[in-house]
Every structure is written in C-alpha cells, then in structure tokens.
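S.K.: Got a structure for you, written out below as structure tokens; questions coming shortly.
Computed from the coordinates by the stated procedures, all read-outs in this text should not be read as laboratory data. Quantities reported herein were computed from a predicted structural model and do not represent experimental measurements. Glycine also receives a Cβ, built like all others from the backbone with ideal geometry; neighbour counts cover every protein chain displayed.
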Amino acid sequence: MALDARIDQLQNELIHLKRRRNALSPISQVPPEILCKMLLLVKQEDDTDSEEHQKTIPRYIRLCHVSHFWRTVMLGCPDLWVDVRLVYSDSCKGWRMLKFMAQHAKNQKLSVTYTHINSHNHSISNMDGVLLHTLHEESSKVMSLHLSWGKIYYKEAQGGALFANIFRERNFSNLETLHLKHTLVCLQPVLQLEKVFENPPPKLRRLEVTGWKFDLSFGCQLLGSLTHLVLNGGFDGSLSALSLAPRLKTLHIAELSPSRSAPFPPGHVLRFQHLESLALSAYMPTLSFILKVIQIPSNLAHLSLGWLHHRYSNPPNFPCPPNARPGNFFNAWEHGQEGAVLPQHVLVGQFRGHTRFGFVVHGWKTTSPSDRFKPRRFEWSSPSVTLKFELPSDTAPSFLDWIFPFTDSNDYRRKWSFDEARVMEVLASVEPEGDDFLQKKEKHSFGDHFWTTIANAPYLQILHLDSHFENKLKETIITLGYGAFTALQHLVFSFVRFETAVRRIPFDDFVRSIVEYLKLDGRAPLALLGFRHCPEPASKDTLEVLKEVAANVVCRENGEWA
C-alpha cells in the first residue's frame, strides 16, 4: 500500500512539473489574443490544404493537446470551432463533436460536412437518429451544409427523398450554402428539390449537386434567390427554368450522361446580367444547345467549355461525323458569345484521365513575372478561359486529329487568336517512370498548322515545351528560318529524362543537339535556356556549348527552379 501511495505521489509531482514546464515555455508567455491569431493562421492554412481538409479532425483542433494553456485559449476562440466534419460509420456517429463545437462556436455560424460511409450493418439512407436530432437543434447556426453519401443504388437515390428527413422538421433558417453529393453506382438518378425540401431554406444562395441529374422542372421557387448553381451531373427538364434565376453569378453544368432536355421556347435567350463564372461540360448536342440559348457576357472572369464525346457515339476507327468537328464547337461558341479571345498566356496540353483523354486549353488575359520560371500558372490564378476536348480512353489515337482545336484557322479564328500571346506552354501526357516509353512516341504532335501559328506569334517571349516536342520545334525553325519565334527570349524544356529514355541517348547529346538549330540564321542568343526534370547534371563542357545560344542556362533534375 505504501508503495502504491508513493507511486501516486510521484505521478502527481510529474504532472505538476510538466504543467510548470509548459507554463514557463516561451509560447505560453504569448498573450492569449496573439496566440488566438496564430492559431487562426494555422486554420487558414489547413483550409487551403486539400489533404488536410479531408481529415475528420483538423490539425489545428489537435493542437488542443499541446498544453492546458493552449486548450484554454482555443476554447475561448469561437472562430476555431466553426468547421464541423462528421463521419457516420460503424465506429463514429459524430453527434458529440457537433454538440461540442456548436457550443464553443458561440454565436458564429457553422459549416457542417457530413460523410455517410456505407456498411452492411446500417441502412444506407438514414442518418443516425441522435446526430439528426442534434443537427436539428443547431440548425439555426448552420450556414453551410455538405451532405455526402457513399455508393447509393438508383432506387435509394432517385428523387432525393434520401435527404427529406434532414429538412422535414427544420428549415435551416440561416443556411446559405448546400452541397448534396453521392457516388454513382449504376444508373444516374434524378434529383427533385420538392422531395428534398418540405420547408425550403429562405436564405439559400449556393447550391451544388454532384451525382444526380438536376430536374429543373421542380423547385423553381428556390432558383430566384440563388447566386451560385453547380450541377456536377447535368440537368433534366427545360433549361428555360433558369430564367427564374436572374441573380446567378456562378453557373456550372457538368454532364455525366447525355441529357434529355425539354424543348426550349423559340427565340428565347437566357441572359444573366450578374454572371461572373460559367462552366459547361457536356456532350456536343447538349453543349451546342446550351450555347445557342445562353447569352454569355463578354467580360466573364472565368469561362470553361468542355466538349465530351460519348463512348458509343462514334466508332473509334471510323471518320468523325461533320457535326463533331471543332469548327462546329467554335460556331456554337460564337453564337453564344461575340468577340474573339486574345489571351496573353496560353497552355495547350494532352491529358489522360480515368475514363477520357483528349486536349485542354487554358488562357489567361494577363501574364506575371512568375511565368518566366514557374509554368502552369493556374496553380497561382484561375485561367480566364478553359477549353476541354475529351474522348473515351479506348479511342484510337488517330481520332485525336479530328478534335484538336487548332488544326484549321477557319475553325477557330473568329473565337481564338494567338496574336497577343506572350507565354506558351505546350504539354504532353507524360507517362510515369517505369511505363513503356515507346508509347509516348505515339503522342499527338498537334499538327504543322499549330506550330507555324505559334512560331509566327509576334509577341511570344516565353515558351515552356515538353521535351517530346523538341523535334517538332526543330522542324518548325528549319522550315520557317529566321522568321520563326522572332520575339522569343526564354525557352524551357520539361520532362527531359522521359525523352532521353525514349531516344536512348545521353542527356548531354540531347541538349547539344538543340544548339544546332538555335544557331541558324545568326539569331540573337536567348536570355534563358532551361531544362527541367533532367536525368543527370549537364557536364561543364555542355554548359559552355549551350552558352553560345543563351545568356543563361539552367538545368534541374526536378521541376523546381532555384
């Protein structure tokens, strides 16, 4: 007994010493209001971190365990408790977390994310009763609600009655943002808002739907108050219902399967005076239809148009029908929006996804100093215009020739121009290391017209080029001579190690070969010649040779610059 008492005494003394140590640490001397601001900065960083944002308990919440002082300060900072993330599975129902965070958020409005993980031990369509009751109790404090279900079969998801019990008893009087999401299993269900809301939230401004087709024939009374509508599953019914949403600033429609849209009133055109962002991604008949009935403002901050080819619409080994040519896409775009796009920074690339592949085009209205060394500017700012041309992944590679948008100037000249381009990025769908490199040699080369066009761009100063296109650049310069790339100052090759592996040549031989055609016609040296993703450092002799054609030469074994 005496030994047990002694152990308890030592443990208490140890706890006391730890608390005293924490109290004497420099961070514990920081005034609470300063510490609170520091923690809010950590929260802000977590909010922009996509991986951290997926975690049920955020990193900044886990800082409660640093010390009693930190915990006390955090509990007195309501802004730290507004982001509630709940997961309903066999092991976690989350209602205690919701209650705790709502209490310490005090008068702050809550953002609630609920993820329903399906299992064999509970109904797929029901939220836990205790959690639902707690959510109803705190409904007046909820400003943003994200409801995400796992794989749901068509019968349970059809209509959206799955959510009815959430909104039946309370109308969530302060709810401004709602995101309804589910993972598609088989057939795509239709969402009808009248089955979701018995009492529509009066302040709802942002609605995002993922996985369902959104039936525009229902819930029209809600459209009048919306400023943001995102339909990641397309729509059913008549698009004319959107005329009831004149306040829209954001309209995004992404089609998962061809829509059966209702006829549009003849001569009727949708006009959105406040629209700032428009994103349309659909199969060509639907996309063409939408572009003909929506008047696109010329001063949009962001425009994204995605042209999808249905998996079974065109056999991959047969000629593309006339209505699927890029010219028809640009004609439909011209009908919806007058004037041509004159970007100063352009990215053209070939990409591969899980189900489709094709081309993507990004255009920025302005350039920035970072463009010189840091390509892919969309990591820093959203592009003004995005065009996507997508095919099923099992399409024959030769079919890419039919959809590349810049093959014939007669197709695109009224909607797109390279005359103001200062920065160009030309990317290829590079395979991971270890894959069959020979497959990369079959990549689409974009055609002679595209290379001649950018070579004649009068203001093109910076060119970021996938090394796969090094031969194409060489051919263009040899063909056009001194008239090619007259304003070019910075030339950067990326993914060099992939191309040297394909050609089975040393890195030094690859970079030395570039000197030959850059010295043609006595053109002035470049301000910068760069190589990214190199397999090895360049030798001193090679660097000296490269300096004959460039004032500065940079070689990096990764994608970053010093």
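S.K.: For an R0 of 41 angstrom, estimate the FRET efficiency from the Cβ-Cβ distance between Q103 and N12 and round to the nearest 0.05.
M.R.: That pair, Q103 with N12, gives E of 0.85.
S.K.: So how far apart, in nm, are the two label points at K519 and Q273 if each is 7 Å from Cα heading toward Cβ?
M.R.: With each label point 7 Å from Cα toward Cβ, the separation is 6.5 nm.
S.K.: At a 10 angstrom cut-off on C-beta neighbours, averaged per residue, how do the peptides 537-548, 468-479, 485-496 rank from highest to lowest?
M.R.: 485-496, 468-479, 537-548
S.K.: Averaging sequence separations of C-alpha pairs under 8 Å and six or more residues apart, then dividing by the length of region 461-562, give the relative contact order as a whole percent.
M.R.: Reported as a whole number, the value is 28 percent.
S.K.: To continue, here is another question. I'd like to compare 407-417, 285-295, 2-12: which one has the highest average count of other Cβ atoms within 10 Å, and what's the full order after that?
M.R.: Per-residue Cβ counts within 10 Å, averaged per peptide and sorted highest first, yield 285-295, 407-417, 2-12.
S.K.: Can you give the FRET efficiency to the nearest 0.05 for A487 and R62, using r as the Cβ-Cβ distance and R₀ = 56 Å?
M.R.: 0.60
S.K.: Shape of region 449-562 from its Cα gyration tensor (a ≥ b ≥ c, root eigenvalues): rounded if a/c is under 1.5, otherwise prolate when a/b > b/c, or oblate?
M.R.: Taking the square roots of the gyration eigenvalues as a ≥ b ≥ c, region 449-562 is prolate.
S.K.: Okay, next question. Going by C-beta contacts inside 10 Å, put W307, W70 in order with the fewest on the left.
M.R.: In order of increasing Cβ crowding within 10 Å: W70, W307.
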